[in-house]
1. Kindly establish whether S24 is over 25 Å from H239 (Cβ atoms) and either part of a strand (DSSP E or B) or not charged (D, E, K, R) (or both).
2. Looking at the range 124-162, which of its residues are in a helix (DSSP H, G or I), among the polar types (S, T, N, Q) and open to solvent by less than 40 Å² (accessible area, probe 1.4 Å)?
3. Pairs needed: first member in the range 60-79, free of Cβ contacts under 8 Å to residues at least 40 places away in the same chain; second member anywhere, among the aliphatic types (A, V, I, L, M) and open to solvent by 10 Å² or more (accessible area, probe 1.4 Å); C-beta distance under 7 Å; at least 6 residues apart or different chains.
4. Restricted to the range 16-58, and to residues that are under 17 Å from Y249 (Cβ atoms) and of a type in the set (D, E), which residue is most open to solvent (accessible area, probe 1.4 Å)?
5. Report yes if G111 is surrounded by 12 or more Cβ atoms within 10 Å (Cβ to Cβ), among the small types (G, A, S) and more than 20 Å from the chain's Cα centre (by Cα), otherwise no.
6. Determine whether D120 is of a type in the set (D, E), out of contact with any Ser or Thr (no Cβ under 9 Å at 6 or more places or on another chain) and modelled with pLDDT of 95 or more.
7. Helices (runs of 4 or more DSSP H) wholly in the range 165-225 with at least 3 residues that are under 26 Å from P155 (Cα atoms) - which ones?
8. Looking at this structure, is R121 open to solvent by 60 Å² or more (accessible area, probe 1.4 Å) and not polar (S, T, N, Q)?
Amino acid sequence: MRWMKIVIDTDAETLTQTIDGVESSAGLFTKKAFEVVSREWVRLGFSLKYYHNLSWFGMPFLQLPEDLVRLQDVVYRIRPDIIVETGVFRGGSLLFHASLCQALGNGRVIGIDRDIAPADRETLGRHVLGPRISLIEGDSLSPATLAQVSRLVGPEDSVLVILDSCHTNDHVARELECYSPFVTEGSYIVAADGGVMIDSADTPRGDPSWKSDNPLEAAIEFIAGHPEFRQEQPPWLFHDGELTENVSYWRGGWLRRVR
């Protein structure tokens, strides 16, 4: 584990970072300082379950709001006919996707999970956005589940996929192989949460194994064997200033189909 110390001097307007005895400094109001502080904020928020206290249209979700804002940029730009998400928790993220589809006047959502509570299924079914959501209860990797997805996706549908179920390297690697064929050119498959797992491996809620066993490693391995995909952070639709990196749980997990 790395030893690190951060000192913020508001009088001198500097941020000094010491990593394993090596010290470096930057102006407090600079891109470098923002990236250092943001990383620590993400780690601290993850450890304290900040993202466990959020909801969308009345249902909880487990996402960093920054990631959903960036996802909204992508959905607005590519306007997928189908958004597939593996791992749906209580359904808040499905409602988020469905609300974007509703606002755009196009699109449907497919949510896949091993266990969907009857109460949550009923709530989603009765919700004003319910007609845009299809639920599949089952292992995301099972032939039966994949067959159901295939039946719900039309031959002309454009498709965006978000992988947010089991976060082991092995499981995500297999999901990438199974769900990447659904992704249409110009769209994305997202291996969620690899970045935050790596960064939070040494926090109280983390696990040292996350440094190597995480969705980001699976995404990197997948890209090496699939030249039709490119690891690529989606462009910001509006960009004013010198910042270039998302504050994100999904760092490195965006894979765009280029052909």
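The values are calculated or read from the model by the stated rules, or taken from the named source; none is laboratory data. All values reported here derive from a predicted model rather than from experimental measurement. FYI the Cβ positions are ideal-geometry reconstructions off the backbone, even for glycines, and counts take in every protein chain you see. Keep in mind that these areas ignore ligands, DNA and RNA; they rest on the heavy atoms of the full protein, side chains included. Shrake-Rupley method; radii C 1.70, N 1.55, O 1.52, S 1.80 Å.
1. Numbers: over 25 Å from H239 (Cβ atoms): yes; either part of a strand (DSSP E or B) or not charged (D, E, K, R) (or both): yes.
Yes, satisfied.
2. T145 - this is the single residue of the range 124-162 that is in a helix (DSSP H, G or I), among the polar types (S, T, N, Q) and open to solvent by less than 40 Å² (accessible area, probe 1.4 Å).
3. Every condition considered, the pairs that remain are P60/L54; F61/L54; P65/L54; Q72/L100.
4. The residue in question is E35.
5. For G111, the condition - surrounded by 12 or more Cβ atoms within 10 Å (Cβ to Cβ), among the small types (G, A, S) and more than 20 Å from the chain's Cα centre (by Cα) - is not met.
6. On the way: of a type in the set (D, E): yes; out of contact with any Ser or Thr (no Cβ under 9 Å at 6 or more places or on another chain): yes; modelled with pLDDT of 95 or more: yes.
Considered against the rule, which asks whether it is of a type in the set (D, E), out of contact with any Ser or Thr (no Cβ under 9 Å at 6 or more places or on another chain) and modelled with pLDDT of 95 or more, D120 comes out as yes.
7. Numbers: elements: 169-179, 194-199, 215-225.
The helices (runs of 4 or more DSSP H) meeting that bar are 169-179, 215-225.
8. Values: open to solvent by 60 Å² or more (accessible area, probe 1.4 Å): yes; not polar (S, T, N, Q): yes.
So R121 fits the description; yes.
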